[in-house]
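*Asks:* The structure follows.
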Amino acid sequence: MRKNPLKAAFCQQQPIINGWLAIPSGYSAEIAGHQGYDSVTVDMQHGMIDFASALSMLQAISATSATPLARVSNNDPAHIMRMLDAGAWGIICPMISTAQQAAQFVSACRYPPLGNRSFGPARALLYGGKDYPQHANEEILTLAMIETREALDNLDSILDTNGLDGIFIGPNDLSLTLTGSASAESQHPAMLAAIEHVLNRCRAHKKLAGIFCTSGQAAAHRLTQGFHFVTPANDVMQLGAAARTAIALTRGETPPVSGSSGY
Ligand code: 3PY
Ligand code: MG
């Protein structure tokens, strides 16, 4: 089976730079995949993406060196299974707040006896090879999103989940719940403390720590903090920022600085 290079990168403590796609287009997915990202995530939670678009986006990413991932819309085993069958090499699952939810998520990503994923690997066989069924349980990356107060309270038991590779902080939702306002780069003391706490617990459990960011500078800062997996904004934010910069430069003005809220 095609190996998951993200797992090796994490073992070797190499940073993983992950693209994030909200625009439902195989063409823009292909463009993103060719830019040098280690992985590219198809966002089915907040992206404008249905299953048919996600399939062509995963196909497009598969034609590049980036590893294709999906952020599913919720912790629904049937939805997770379909994204894996479509060739996602890892799943990012939003709103995991308890150990029981984390166990349900991981189980949906693993064939028996480790989990309850139903058999029918479809496109994953084409991308991964004939022995995909024998090795998928080891290669598929599972990241649980930590983005609620309850998740912080249950962090150690979530990180204890067998087969969970790591966590991915959703800083917009997390800051919304902790501070009353959604801001991916929030400097509120409660957010700074929460992020430090998640990093420390991931280190203690030897699990991958990931986070959504709104720019390359912010992502570089997160790597220096100790995160392994960072997303330097999504395609919509990058497209908007590139257009604003081009317009300002054309007018002879100073380009605006990108905002700090996601989406
Ligand atoms: C959040 O910031 O809440 C996210 O879900 C980012 O993807
Ligand atoms: Mg979120």
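*Asks:* Please give the contour-minus-distance gain from Ile31 to Ile247: 0.36 nm per residue of separation, less the Cα-Cα distance, rounded to one decimal in nm.
*Replies:* So the chain would gain 75.6 nm between Ile31 and Ile247.
*Asks:* Going by a ≥ b ≥ c, the root eigenvalues of the Cα gyration tensor, does the range 1-160 fall in the rounded group (a/c under 1.5), the prolate group (a/b larger than b/c) or the oblate group?
*Replies:* Rounded.
*Asks:* How high is the relative contact order of the chain? Use alpha-carbon pairs under 8 Å, at least six apart in sequence, and give a whole percent.
*Replies:* 17
*Asks:* Which shape class, rounded, prolate or oblate, goes with the range 1-50 when its Cα gyration tensor gives a ≥ b ≥ c as root eigenvalues, a/c under 1.5 marks rounded, and past that a/b bigger than b/c marks prolate?
*Replies:* Since a/c reaches 1.5 and a/b is larger than b/c, the shape of the range 1-50 is classed as prolate.
*Asks:* Any idea what log10 I(q)/I(0) is at q = 0.16, 0.20 Å⁻¹ for the range 134-263, Debye with uniform C-alpha scatterers and no solvent?
*Replies:* Evaluating at q = 0.16, 0.20 Å⁻¹ gives log10 I(q)/I(0) of -0.81, -1.12.
*Asks:* May I pose another question? Over the range 1-94, what is the relative contact order in whole percent, taking alpha-carbon pairs under 8 Å and six or more residues apart?
*Replies:* Working: 176 pairs, mean separation 24.1, N = 94.
Reported as a whole number, the value is 26 percent.
*Asks:* Provide, in order from the shortest bin, the percent of all Cα-Cα pairs of the range 18-101 in each 5 Å bin, continuing until the bin that contains the maximum pair distance.
*Replies:* 3, 18, 30, 25, 14, 7, 3, 1
*Asks:* Normalised by the residues of the range 62-216, what does the relative contact order come to in percent, with Cα pairs under 8 Å and at least six apart?
*Replies:* Over the range 62-216, the number comes to 20 percent.
*Asks:* If DNA, RNA and ligands are ignored and the probe is 1.4 Å, what is the ranking of Lys206, Lys7, Lys130 by accessible area, most exposed first?
*Replies:* Descending order: Lys130, Lys206, Lys7.
*Asks:* Go ahead and estimate [θ] at 222 nm for the chain from helices alone: -39,500 (n - 2.57) per DSSP H run with n ≥ 4, summed, over the residue count, rounded to 500.
*Replies:* Value at 222 nm, helices only, nearest 500: -13500 deg cm²/dmol.
The values are calculated or read from the model by the stated rules, or taken from the named source; none is laboratory data. This structure is a prediction, so every number in the text was calculated from the model and none was measured. Heavy atoms of the whole protein, side chains included, go into the accessibility calculation; ligands, DNA and RNA do not. Shrake-Rupley method; radii C 1.70, N 1.55, O 1.52, S 1.80 Å.
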